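To keep things clear, I will list the structure first and then write my remarks on it.
The values are calculated or read from the model by the stated rules, or taken from the named source; none is laboratory data. For clarity, every value in this text was computed on a predicted model and none was experimentally measured. Ideal geometry is used to build each Cβ from the backbone, glycine not excepted, and the neighbour counts take in all protein chains shown. Calculation scope for accessible area: heavy atoms of the full protein, side chains included, ligands and nucleic acids excluded. Shrake-Rupley method; radii C 1.70, N 1.55, O 1.52, S 1.80 Å.
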Amino acid sequence: MTELRIRPAAPEDIDAALAFWKTAAEGTSISDDRDGVERLVTRDPEALLLAERDGRLVGTVIAGFDGWRCHLYRLAVHPDHRRQGIGSALLAAADERFVRLGGRRGDAMVLVRNERAQHAWRAAGYEPQEQWRRWVKHLAG
């Protein structure tokens, strides 16, 4: 098996990431469009991490840091490449980024129904905080 390469996404990777999420990610987000991902990559060029093997996109994670908290989104591994350590490698790269930026704690958005993801997050050392509830307000553009 060839070496896994993890790198930040560039603007020319946006369409590939969006297509990848349709195959590999669970659920959709209101920000899963070109404009949303382009804003992310422009604002924080190192936030969207891509995992590649043989030049092929096999995994992603968004490791966003707002100066106070470290947030993880869109951890996704291609179904044909799961259980090969790609998700763990992406999370390790995200952790390294957060530590380098001065982050102290990472949190992840994980769908309640996505049991496979919950097992992966637990294996990476994350644990649910049942005392918290996510509150959402959609903003008019």
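Odds and ends about this structure:
- Its Kirkwood hydrodynamic radius, worked out from the mean inverse distance over all distinct Cα pairs, puts the stretch 22-112 at 13.7 Å.
- Qualifying chymotrypsin sites (Phe, Trp or Tyr not before Pro) for the stretch 60-141 [loop in DSSP, other Cβ within 10 Å: at most 14]: TRP68, TRP132, TRP135
- In this calculation the C-beta distance from ARG5 to GLU26 is compared with R0 = 22 Å, giving a FRET efficiency of 0.35.
- Long-range amide H partners of ALA108 with built H, under 5 Å: LEU72
- The stretch 19-76 versus the stretch 97-126: alpha-carbon centroid distance in Å: 14 Å
- Loop-located GluC sites (Glu not before Pro) in the stretch 76-141, at most 13 other Cβ atoms within 10 Å (DSSP): GLU130
- Amide hydrogen proximity for LEU50: with H placed 1.01 Å from N in the peptide plane, the residues at 5 or more positions away or on another chain lying under 5 Å are ARG7, ALA9.
- Whole-percent carbon and sulfur share, accessible surface of the stretch 1-111, 1.4 Å: 49 percent
- Longest DSSP-loop-exposure-free segment, trypsin sites (Lys or Arg not before Pro), the chain, at most 16 other Cβ within 10 Å: 1-68
- Entry comment: accessible area of the chain is 70 Å² per residue, from protein heavy atoms only and a probe of 1.4 Å.
- Under the span-like rule (Cα at least 18 Å along the axis, Kyte-Doolittle mean at least 0.0), DSSP H helices of the chain: 86-101
- Shape category assigned to the stretch 60-133 from the gyration tensor of Cα positions, a/c cut at 1.5: oblate
- Segment LEU139-ALA92, length gained on full extension (0.36 nm per residue, minus Cα span): 13.7 nm
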